[in-house]
Amino acid sequence: MIKNICCIGAGYVGGPTMAVIAQRCPHIKVTVVDLNEKRIAAWNDPDVNKIPIYEPGLSQVVAEARGRNLFFSTEVDQAIDEADMIFISVNTPTKTYGIGKGMAADLKYIELCARQIARVAKNDKIVVEKSTLPVRTASAIKDILDNTGNGAQFQILSNPEFLAEGTAIEDLFAPDRVLIGGDTTPEGQKAIQQLVDVYANWVPKDRILTTNVWSSELSKLTANAFLAQRVSSINALSELCERTGANVNEVAKAIGLDSRIGPKFLKASVGFGGSCFQKDILNLVYIAKSYGLHEVADYWEQVIIMNDHQKRRFAKNIISTLYNTVSGKKIAFLGWAFKKDTNDTRESAAIYVADDLVNEQAEIVVFDPKVGQEQIQFDLNYLNTRTEEENKNAVKSVANPYEACKNAHAIAILTEWDEFKSYDWKQIYDNMLKPAFVFDGRNILDKKALEDIGFKYHGIGVNEI
Ligand code: NAD
Ligand code: UGA
């Protein structure tokens, strides 16, 4: 029976996942390690509200388990040495150099973990791929472990994570399924069973699915590709709605009632963001290309092309509606996170919309309930399209939404935070320059109520012609 788990990577996946395992399995010691000292210090902050990731319900889980059987540490070697089972939960970003640049997953962090495990491990261990990885990565990890280790035996499992940010804790408490892939050998099957036993402490057995390693690795990329494809599909239709007078919300409802299609994941938007959809599809495209499957690659690449178009189209619409110039105009952004209930901004549509508008010399003032100035500047600087000084001058952040909107020419809704709906929109209108425009990139506001106040409302795929 597994008694000691180590997780390498204390990020959006490692942190919440291990916190839930520790809370649900008080008999297992769980140590989450990371090279990032600042991040580990934040996980250990005595004020549980200051942990580095904002996720509803997470601080309560951490408060219950931390110090009991949940530990956060920078002592990577020690945690590896003590563990029976090691989860690798490090980042696997898109490569920014060399072969596969801009498409393939960069596996350098994964390889470093494998080499460190091989160097440190003195007894047999189960190594679990929790990060999202290209299909067949397990064989590379096994090769490194077997050829650089001290003779210890390793079993490699694939156990991809399907949680969505903002709902991570509910997803982890009651997952649709837990997927575990392993070798078909008796040792592989035994390792699978040991991980099944961990999850079975709170997940019903019929929701724990076991497969071979390659199916598990590929299922993760496939799931994200299908989800992102749905968003790009409805977003593609949103543009057609705008030309024809159809309403995309009504179309989504009408098709979603077909039980074969289903109602979820059909919200038209300014475009999907997040650290994974784009990177995982690009990875899928790269893998397909590397096997010479060009039609397969082109098919999935279109999901990304459509998403880029949707983000650019949103910015263009703001510019053309504001009489073809936003130069020197103040545009208020409500929201910067890539979705509500998270402080994660990676690949958020807001970053790209801001970039396009700043290129047109707009002045942007952002309010996001969970994202501040430092992160916003980091995101813009990361794009590398202008100097840090220029970004600082062009995009500011304030701590009050009413201040953000004061004297603005237009408001753009970039994130679907619930609180935006309950603002005093009459007060906001009174303090704006007229005509006062709202570009609702999430279709969350009440179009009619806003128009009654006097706003000129532009949603995604909902405009009358
Ligand atoms: P993240 O960047 O938030 O966290 C990764 C952490 O790993 C960082 O803190 C980094 O310092 C640490 N790290 C990297 N190399 C290390 C090493 N050698 N030793 C110790 N620590 C190291 O990333 P994330 O969002 O948690 O994603 C991790 C993986 O999970 C990715 O493969 C991602 O695709 C996948 N995933 C993410 C989500 C999500 O919602 N964010 C959901 C499902 C799957
Ligand atoms: C997504 C998947 O939902 C998770 O199952 C997966 O584990 C995770 O990626 C991952 O591998 O990282 P996440 O990116 O956290 O989770 O959030 P989603 O809820 O999927 O939203 C992704 C983006 O799509 C957001 O920008 C969201 O606003 C957008 N979206 C989503 C829409 O525009 N419309 C929708 O109908 C749904």
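Take the Cα atoms of the stretch 300-354, build their convex hull, and give its volume per residue in Å³. Spread over its residues, the Cα hull of the stretch 300-354 gives 94 Å³ apiece.
Tell me, in nm to one decimal, what length is gained between E464 and T184 on full extension, where the rule is 0.36 nm per residue of separation less the Cα-Cα distance?
Residue separation times 0.36 nm, minus the Cα-Cα distance, leaves 95.0 nm.
Given a 1.4 Å probe and the protein chains as shown, V196 ends up with an accessible area of around 10 Å².
By accessible area, using a 1.4 Å probe on protein heavy atoms only, the stretch 139-203 has 45% of its surface on carbon and sulfur.
Please give the per residue accessible area of the stretch 377-465, computed with a probe of 1.4 Å over protein heavy atoms only, in Å². Each step should come with its number before you reach the end.
Numbers: 4400 Å² over 89 residues.
Per-residue value: 49 Å².
With bins 10 Å wide beginning at 0, the percent of Cα pairs of the stretch 392-435 falling in each bin runs 24, 57, 18, 0.
Note on the stretch 365-465: the alpha carbon radius of gyration divided by the globular reference 2.2 N^0.38 Å gives 1.15. Residue-normalised convex hull volume from the C-alpha trace of the stretch 269-372: 104 Å³ per residue. Return one number: the angle in degrees, 0 to 90 and rounded to the nearest 10, between the long axis of the Cα atoms of helix 14-24 and the longest principal axis of the Cα atoms of the chain. On a 0 to 90 degree scale, this one is about 60.
What relative contact order, as a whole-number percentage, does the stretch 423-465 give when Cα pairs under 8 Å and 6 or more residues apart are counted? Show your work: numbers first, answer last.
On the way: 38 pairs, mean separation 18.1, N = 43.
Computed value for the stretch 423-465: 42 percent relative contact order.
Between L257 and W214, the simple spin-label model (points 7 angstrom out along Cα→Cβ) gives 4.4 nm. With both labels modelled 7 Å from their Cα along Cα-to-Cβ, the Q373 to D176 distance reads 4.2 nm.
Apply 1/(1 + (r/R0)^6) to the Cβ-Cβ distance of K421 and I305, taking R0 = 35 Å, and write down the FRET efficiency to the nearest 0.05. Mind showing how you got there, number by number?
On the way: r = 32 Å, r/R0 = 0.91.
Plugging the Cβ-Cβ distance into 1/(1 + (r/R0)^6) gives 0.65.
Considering the stretch 89-209, its Cα convex hull presents a mean projected area of 8.7 nm². Taking chymotrypsin sites (Phe, Trp or Tyr not before Pro) across the stretch 54-119, the ones in a DSSP loop with at most 15 further Cβ atoms lying within 10 angstrom of their Cβ are Y97. Counted by Cβ distance under 14 Å from V462, the other residues give a net charge of 0, where Lys and Arg count +1 and Asp and Glu count -1.
How would you classify the stretch 216-277 from its alpha-carbon gyration tensor, with a ≥ b ≥ c the square roots of the eigenvalues: rounded for a/c under 1.5, else prolate if a/b is greater than b/c, otherwise oblate? Spell out each step's value before the answer.
On the way: a/c = 3.13, a/b = 1.63, b/c = 1.92.
The shape class here is oblate.
One decimal place: the segment K456-R207 gains 84.8 nm when fully extended, by the rule 0.36 nm per residue minus the C-alpha distance. The solvent-accessible area of H309, taken with every protein chain present and a 1.4 Å probe, is close to 70 Å².
When you filter the chymotrypsin sites (Phe, Trp or Tyr not before Pro) in the stretch 171-221 for DSSP loop state and at most 16 other Cβ atoms inside 10 Å of their Cβ, you are left with W202. The simple spin-label model puts a point 7 Å past each Cα toward its Cβ; for R386 and S139 those points are separated by 4.9 nm. Normalised by the number of residues in the chain, what is the relative contact order in percent for Cα pairs under 8 Å and 6+ residues apart? Computed value for the chain: 12 percent relative contact order.
Sorting the Cα pairs of the chain by distance into bins of 10 Å, from 0 upward, gives 4, 19, 28, 25, 16, 7, 2, 0 percent per bin. Restricting the trypsin sites (Lys or Arg not before Pro) of the stretch 73-132 to loop positions (DSSP other than H, G, I, E, B) with no more than 16 neighbouring Cβ atoms within 10 Å leaves K101, K122.
E82 to A41: extension gain in nm, 0.36 nm per residue of separation minus the Cα-Cα distance?
Going from the current span to full extension adds 12.6 nm.
Expressed in units of 2.2 N^0.38 Å, where N is the residue count, the Cα radius of gyration of the stretch 182-223 is 1.21.
If you take every DSSP beta bridge whose two residues both sit in the chain, what share of them, in percent to the nearest 5, is antiparallel? Provide the component values of the computation, followed by the final result.
Values: 2 of 49 bridges.
Roughly 5 percent of the DSSP beta bridges within the chain come out antiparallel.
Rolling a 1.4 Å probe over the heavy atoms of the protein chains gives the stretch 149-259 an accessible area of 47 Å² per residue.
If you take the beta carbon distance between A152 and H294 as r and set R0 to 30 Å, what does 1/(1 + (r/R0)^6) give as a FRET efficiency, to the nearest 0.05? Could you put the intermediate results ahead of the total?
Numbers: r = 42 Å, r/R0 = 1.41.
For A152 and H294, the calculated efficiency is 0.10.
Summed over qualifying helices (DSSP H, 4 residues or more, each -39500 (n - 2.57)) and divided by its residue number, the chain shows a 222 nm mean residue ellipticity of -13500 deg cm²/dmol. With the charge dipole of the chain set up from +1 on Lys and Arg Cβ and -1 on Asp and Glu Cβ about the Cα centre, the Cα lying farthest toward the positive end among the listed residues A404, L195, T210 is that of T210.
The values are calculated or read from the model by the stated rules, or taken from the named source; none is laboratory data. Keep in mind that this is a model prediction, so the values were computed, not measured. Here the Cβ is made from the backbone with ideal geometry for all residues, glycine too, and neighbour counts use every protein chain on show. Side chains included, ligands, DNA and RNA excluded: accessible areas come from the protein's heavy atoms. Shrake-Rupley method; radii C 1.70, N 1.55, O 1.52, S 1.80 Å.
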